[in-house]
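Notes follow the structure.
We did not get these values from a lab; they are worked out from the coordinates using the rules stated. Quick caveat, the model's predicted, so the values are computed rather than measured. Methodologically, a virtual Cβ is constructed for each residue, glycine included, from the backbone with ideal geometry; neighbour enumeration extends over all protein chains shown.
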Amino acid sequence: MMYHLLMNVALVSVANLGMDVDAWRSVNDGVMGGLSAGGMVQSDEGLSFKGTLSLENNGGFSSVRRLVSQDLSSATAVRIEVRGDGREYQFRIRQDSGFDGVAWRAVFPSSDEWQQIDIAFDEFVPVFRGRMVPQAGPVVPSGIQQIGFLLADKEAGRFELEIRRIEFIGAEDTPNSD
């Protein structure tokens, strides 16, 4: 697994992204001739990234993404609260607002139980169209402009990942002086 929980560190919320479905847009493998269909919809718990993954016509991925306007310069990780179908998903970060280009990905497993997953920025790997791009360097928190989810596990069929929270977190700078 490519994620770990941040332990023994006091964390504070830097930015909590709302659950507005209108902020999300779909990018599926149809951009290269594939037949997968997926998108973000509103759910009782927040949001749901759902659809059908197809491997036909050299397809095999479905994704959603949204712009981020908050100042994330003090963030060190992202916290997501998700419930899924047992498949492995990617949380993705982009440091530009363009359609194509380098994305930083972290793979996480889903389960049918709600789980809170903290993914440190140093766990993200820069990729372009599935290939590693080490020269892109690490995630720069102040440069984050887009986030998203992607499924590309080479398993055709229906999928669903429910999302209850997306929050950027950072280490607490000062001790609590109660």
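For the chain, the relative contact order works out to 34 percent when only alpha carbon pairs closer than 8 Å and six or more residues apart are counted.
Rounded to the nearest 20, the size of the Cβ-charge dipole of the stretch 116-178 about its Cα centre is 540 debye, with Lys and Arg at +1 and Asp and Glu at -1.
Taking other residues whose beta carbon is less than 10 angstrom from the beta carbon of residue 45, and scoring Lys, Arg as +1 and Asp, Glu as -1, yields 0. Remark on residue 27: its backbone amide H falls under 5 Å from those of 63, 64, 65, a criterion applied only to residues 5 or more positions apart or on other chains, H modelled at 1.01 Å from N. Considering only 83, 94, 131, the Gaussian network model of the chain with Cα springs below 10 Å gives its largest mean-square fluctuation to 131. Kirkwood hydrodynamic radius (Cα pairs, Å) of the stretch 96-154? With all distinct Cα pairs of the stretch 96-154 included, I get 13.0 Å.
Principal semi-axes of the equivalent ellipsoid, √(5λ) from the alpha carbon gyration tensor of the chain, are 27, 18, 15 Å from largest down.
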